[in-house]
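What follows draws every value from the coordinates through simple rules; no lab data is involved. As the structure is a computational prediction, the values presented were derived from the model and not from experiment. Cβ placement follows ideal geometry from the backbone for every residue including glycine, while neighbour counts extend to all protein chains displayed.
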């Protein structure tokens, strides 16, 4: 453990609990658009607890690695320099965007991240539905670059916590849209609903953590549309609430695929989710291509009829 | 820079810290874990007791076809059988079978060869259709007591 002067996540836990209760109350008594299914919420919360166990188990390795890298840092950056926090805010969010994007586009990391997307609901407990293996598959490693540059490990951990706390409140259907200027720059519930959608139109979009500008810059931004209401979950929704299946189904799938066809192990691990050597399965790209072709066909149909 | 040194020290791995604070740290983690577990039970209970799930009517042929059209838009369904509880349906699409079944207040859909779907073992009033998918290993199809067991009866007969 790195001794933090301030731990944003621990500080925010009472707020998390209060906001979940508030969201449920808003859905129950104030007709806000809020949907909770008991077993789904239970699964999400248990995965959140499981994530804290993973963190506790991996903490020694991560802290030791961070400190080793910091012992070789290039620049001297102090926690007391305000501009260092500004630079870190952008750098951390930029790294988050790419790590998150990779988590969707490469199966080995998707196997871990899929937990967060496997609920058919989008409420504040979905925010706590965290992966059990993201530290094991090294999703913390890219941040070592910032430590090597000279940012103290505590700054990185704090900024990561701030980002995670920010991303909590955007997991809700209760908030429709924020003011236009806010929607333009920041990640919002509307943008993040698109990210959790399984509609072909919305697949693989809006990877932002705090700032939506990265998606706008790198071509992955998609606006939520009223004529295509978001359906939540994954392309092939889970068949139950068994916590072990929820947590490890994609890993089991990878191992089964590798056992069946070991010579394609690299493809099974690092190909996009849905990749197969003979192309018989569907990836996001093929689903989107089929959807585009269907839309084009349907748009052309009335013209052809004339 | 005493403040910086404190920030940079991995306290839990320092032997002197472990000697002095190890038990307290372990105890703090256990307390935090226990409190989190209690909070989870409370929140999940409140979520369940609030009864604000999606409203899902029991399946009929039209709604089953609508779900399949949403999930597998390129699939042309020939025939649909809905289970007695309105919680699952089986559809034939050429040599392919499509099975949809309730999961909470939503649905999961899986495809399997039609020959495998109709050969699913009938046990009493239920049929368990198995898939080669770790994310959804099986679906249960409830038969009406004493009624026609199609499509499963076609093979069972």
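Rounded to the nearest 10 degrees, the angle from helix A:107-117 to the longest Cα principal axis of chain A is 80 degrees. Each stretch of four or more DSSP H residues adds -39500 (n - 2.57); spread over every residue of the protein assembly as shown, this sum gives -17000 deg cm²/dmol at 222 nm. Computing Rg and the Kirkwood Rh from the Cα coordinates of the protein assembly as shown gives a ratio, Rg/Rh, of 1.00. Peptide A:24-30 is shielded by partner chain Cβ atoms: per residue, an average of 3 of them sit within 10 Å of its Cβ.
Simple spin-label estimate for residue B:74 and residue A:201 gives 2.0 nm between the two label positions (7 Å along the Cα-to-Cβ direction from each Cα). Among A:159-165, A:263-269, A:32-38, A:109-115, the peptide with the highest mean count of other Cβ atoms within 10 Å heads the list, and the full ranking is A:109-115, A:32-38, A:159-165, A:263-269. With a 10 Å cut-off around each Cβ of A:81-93, the average count of Cβ atoms from other chains is 0. For the listed peptides A:280-288, A:201-209, a ranking on the average number of other beta carbons within 10 Å per residue, highest first, reads A:201-209, A:280-288. In plain terms, the chain from residue A:53 to residue A:218 could stretch by 56.0 nm, reckoned as 0.36 nm per residue minus the Cα-Cα distance.
Here the simple spin-label model places points 7 Å from the Cα toward Cβ, and for residue A:260 and residue B:84 these points are separated by 3.5 nm.
Its relative contact order, with pairs defined as Cα atoms under 8 Å and 6+ residues apart, puts chain A at 22 percent.
Pairs of alpha-carbon atoms within less than 8 angstrom and 6+ residues apart define the contacts here; what relative contact order does segment A:163-246 have, in percent? Contact order relative to length: 26 percent. Peptide packing for A:252-261, A:228-237 was compared via the average number of neighbouring C-beta atoms within 10 Å per residue; ordered from the highest value, the list is A:228-237, A:252-261. The simple spin-label model puts a point 7 Å past each Cα toward its Cβ; for residue B:45 and residue A:75 those points are separated by 5.2 nm.
For residue A:29 and residue A:292, a Förster radius of 41 Å and the Cβ-Cβ distance give a FRET efficiency of 0.45, rounded to the nearest 0.05. Legend: mean number of C-beta atoms from other chains within 10 angstrom of residue C-beta atoms, peptide B:51-58, equals 4. Taking R0 as 35 Å, what FRET efficiency do you get between residue A:61 and residue A:182 from their Cβ-Cβ distance, rounded to the nearest 0.05? It comes out at approximately 0.35. Within segment B:114-135, list the residues whose amide N lies under 19 Å from a label point set 7 Å along Cα→Cβ of residue B:61. In segment B:114-135, the label zone of residue B:61 (backbone N under 19 Å from the point 7 Å along Cα→Cβ) covers no residue.
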